Amino acid sequence: MLLKDKVLLVTGGSKGIGRAIAVQAARQGAKVGINYAGDESAAESAVKEIRALGGEAFALRGDVADPASAPAFVNAAVEAYGRIDTFVNNAGICPFHGFLDMPVDVVDRTIKVNLNGAYYMCQAAANQMVSQGKKANGFAGSIVAVSSISALVGGEFQTHYTPTKAGVLSLMQSTAIALGKHGIRCNAVLPGTILTDINKDDLADEKKRSYMEGRIPLGRLGQPEDLAGPVIFLACEEMAGYVTGASLLVDGGAFVNLQ
Ligand SMILES: NC(=O)C1=CN([C@@H]2O[C@H](COP(=O)(O)OP(=O)(O)OC[C@H]3O[C@@H](n4cnc5c(N)ncnc54)[C@H](O)[C@@H]3O)[C@@H](O)[C@H]2O)C=CC1
Ligand SMILES: C[C@H](O)[C@@H]1OC(=O)[C@H](O)[C@@H]1O
């Protein structure tokens, strides 16, 4: 088990990629805390799934765009488990919309959730890790952010979204520098197109879906579980102890497929 007796928190952990990370972390021996936005039954079912595996989990509701949600989530974990070892910043939204008539509230909300939320959450987690201090092996914890292939390339209907994903990647690079001396590693995963609720409507268009599939050398769109292994690897100090400020594309090869 790669995360035996470690504590892992994940934002937006009730479904999609966050849930797959939470469940795999529990399989790897971690105690898990899940932040979720509003769907209580999805959060309860994630906690139930982890407990059925013999793991420990709790879920706490909180809008990541609200700065108060971050210390509340971290404090709940410390109360439940005494410490945190890995913080996974995953929560995000992508309301597809054209550029020229993009409503101001959609831009603002996307930035607040995806980028500001990541900042508040990672800062609260880092402060907790710093206060815990370094263990005998020199590590105090790790942060993994779910950025995107969209940090590197654009999307016609994602002009408000792709800058937030570039921002999250940049946040991991800068926090890797700021937190290295405290024994905290910060890395990003960059998923390609993964089948979740975030793109269900967009990919309901068969033409778009088969175009996206056709771009992928491995021949299929991603599943949430495809992200779990890479995140656990980056979280694991025995496996990735010298990895910080790094980004890992998890896209079936889509990014490199020019022609
Ligand atoms: N599905 C994909 O193709 C890709 C997704 N991503 C990123 O992966 C992350 C997870 O998305 P998916 O699992 O795909 O979508 P999803 O829609 O299944 O999950 C998003 C999660 O974020 C939570 N969330 C949304 N707004 C929130 C808020 N204000 N406060 C707290 N939680 C909130 C949702 O409740 C949900 O649990 C996002 O950051 C997304 O940008 C990145 C690249 C590709
Ligand atoms: C939601 C999209 O399908 C998804 O989001 C990303 O970050 C990827 O680039 C995909 O476009």
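Just so you know, all these numbers are worked out from the coordinates, no wet-lab data involved. Please read all numbers here as calculations on a predicted model, not as lab measurements. No Cβ is skipped: glycine too gets one built from the backbone with ideal geometry, and neighbour counts run over all protein chains shown.
List of remarks:
- All conditions but one from (1) among the hydrophobic types (A, V, I, L, M, F, W, C); (2) buried (at least 17 other Cβ atoms within 10 Å of the Cβ); (3) touching a residue at least 60 places away in the same chain (Cβ under 8 Å); (4) within 12 Å of ligand 1 (Cβ to nearest atom) apply to Cys186; the one that does not is (4).
Yes or no, residue by residue, for (1) part of a helix (DSSP H, G or I); (2) of a type in the set (Asp, Glu); (3) more than 15 Å from the chain's Cα centre (by Cα):
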position	(1), (2), (3)
Ser150	yes, no, no
Val153	no, no, yes
Pro163	yes, no, yes
Ser170	yes, no, no
Lys181	yes, no, yes
Ile216	no, no, yes
Gly219	no, no, yes
Val231	yes, no, no
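- Where helices (runs of 4 or more DSSP H) fall wholly inside region 12-84, the ranges with 2 or more residues that are under 18 Å from Ala118 (Cα atoms) are 16-27, 69-81.
- Only listed residue being without any contact (Cβ under 8 Å) to a residue 12 or more places away in the chain and either away from ligand 2 (no atom under 16 Å from the Cβ) or within 19 Å of Phe58 (Cα to Cα) (or both), chosen from Asp85, Asp108: Asp108
- Gly154 touching a helix residue (DSSP H, G or I) at 6+ places or on another chain (Cβ under 7 Å), away from ligand 1 (no atom under 13 Å from the Cβ), within 21 Å of Ala70 (Cα to Cα) and of a type outside the set (S, T, N, Q): no
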